[in-house]
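The values are calculated or read from the model by the stated rules, or taken from the named source; none is laboratory data. Please read all numbers here as calculations on a predicted model, not as lab measurements. Virtual Cβ from ideal backbone geometry, glycine too; neighbours counted across all protein chains shown. Each accessible area value is taken on the protein alone, full model and side chains, heavy atoms only, with ligands, DNA and RNA left out. Shrake-Rupley method; radii C 1.70, N 1.55, O 1.52, S 1.80 Å.
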Amino acid sequence: RFESRIQDIFFGDINKVIRIGILHGLLETWFNDVMVDFAKQSKHQLAVEVNSLDQLKEKLHNGKYDLIFTTENFQSELVSSLKLFEEKMVLVSKNEINPKEASEYPWIVYSDQDHLFQLYKKRSEKIIVVNSITTILKLVKKGVGIAIVPDHTVDDTNLKSYDLKGLQKQHIHLSSLNFQHMPEHIQQLIKLIK
């Protein structure tokens, strides 16, 4: 804090770094446009890192991130979350399928916590785990299997997309440490996002 305060005294609010933790799918889609707009409007820097939900929360609490973007709304004495938007999940495939028979197709999942495991009791005999939304979508486009992904990640109109029932609504949240006075460079980014 002392070094930061000295920097503020001598250099004001010039060229600060905003440390951001984010989930993979959000970085590859929605947050790209935010970064472009911020780079055009601000003199400040962004340091963006993809991490798991648990790591994002831990690093925010430890002061390693200024802001995180997650699917979890958590409030505490140290942290506040702001709901940004609803994230709709869809089942995607290359060809027409019957979603009720999802276990008959290979599954491409992000992790062992994937929505396919939550939604279907009977598992596919072939499961591919890859922690990249981009790669998951590429594999689906090549007909390797089916996947459940956020609808904002699907930019290929040739993919078949199916709405899902039974999944809990998911929202994207912006979380930060509670400040008595939010630093100006962080306020700038939050205003742009809102």
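Rg of the Cα atoms in the stretch 83-194, relative to 2.2 N^0.38 Å, amounts to 1.31. For the chain, the residue among Asn32, Gln113, Gly21 whose Cα projects farthest onto the positive side of the dipole built from Cβ charges is Gln113.
For the set Lys16/Lys64; Lys88/Lys142; Lys40/Lys191, the pairs lying more than 18 angstrom apart at their alpha carbons are Lys88/Lys142. Among Leu91, Leu164, Leu56, the residue with the largest mean-square fluctuation in a Gaussian network model of the chain, with springs joining Cα atoms closer than 10 Å, is Leu164.
Of the peptides 129-136, 147-154, how do they stack up when ordered by the mean number of other Cβ atoms within 10 Å, highest first?
Per-residue Cβ counts within 10 Å, averaged per peptide and sorted highest first, yield 147-154, 129-136.
Angle of helix 30-41 to the longest C-alpha principal axis of the chain, folded into 0 to 90 degrees and rounded to 10: 30°. Using r as the Cβ-Cβ distance of Lys40 and Met182, and R0 as 30 Å, what FRET efficiency do you calculate, to the nearest 0.05? With R0 = 30 Å, the Cβ-Cβ based efficiency is 0.85. Placing a pseudo-label 7 Å from each Cα along the Cα-to-Cβ vector at Ser161 and Val129 gives an inter-label distance of 2.8 nm.
Got a sec? Which residues in the stretch 135-175 would a label at Ile193 touch, if it sits 7 Å along Cα→Cβ and we count backbone N under 12 Å? Zone members listed by number: 172-175. Charge dipole of the stretch 125-194 (Cα centre as origin; +1 on each Lys and Arg Cβ, -1 on each Asp and Glu Cβ, all else neutral): 140 debye, rounded to the nearest 20. Leaving ligands, DNA and RNA out of it, report the carbon-plus-sulfur percent of the accessible area of the chain at a 1.4 Å probe. Solvent-exposed carbon and sulfur of the chain make up 48 percent of the total. Of the chymotrypsin sites (Phe, Trp or Tyr not before Pro) found in the stretch 107-192, those in coil by DSSP whose Cβ has at most 16 other Cβ atoms within 10 Å are Phe179.
On full extension, the segment bounded by Gln75 and Glu101 gains 5.5 nm, given 0.36 nm per residue less the C-alpha separation.
Across the stretch 179-194, computed HN-Hα scalar couplings (Karplus, 6.51 cos²θ - 1.76 cosθ + 1.60, θ = phi - 60°) run 10, 5, 9, 4, x, 4, 5, 6, 4, 4, 5, 4, 4, 5, 5, 5 Hz from first to last residue, x flagging Gly and Pro.
The mean accessible area for residues of the chain, using a 1.4 Å probe and ignoring ligands and nucleic acids, is 61 Å² per residue.
Whole Å is fine, so just give me how far the alpha carbon centre of the stretch 153-172 lies from that of the stretch 28-66. Cα centroid of the stretch 153-172 versus Cα centroid of the stretch 28-66: 24 Å apart. Phi angles of the stretch 153-166 translate, via the Karplus equation with coefficients 6.51, -1.76, 1.60 and θ = phi - 60°, into HN-Hα couplings of 8, 8, 10, 9, 6, 7, 6, 8, 10, 10, 5, 10, 10, x Hz per residue; Gly and Pro are given as x.
Which sequence of Ser124, Ser161 reflects their accessible areas, 1.4 Å probe, from the largest down?
If we order Ser124, Ser161 from most to least accessible, we get Ser161, Ser124.
Selection among Leu164, Ser176, Ile190 by position relative to the dipole of the stretch 127-194 gives Leu164 as farthest towards the positive end (Cβ unit charges, Cα centre).
Summarising the strand pairing of the stretch 78-155, around 50 percent of its internal DSSP beta bridges are antiparallel. Note on the chain: Cα convex hull, mean projected area over all directions, 12.2 nm².
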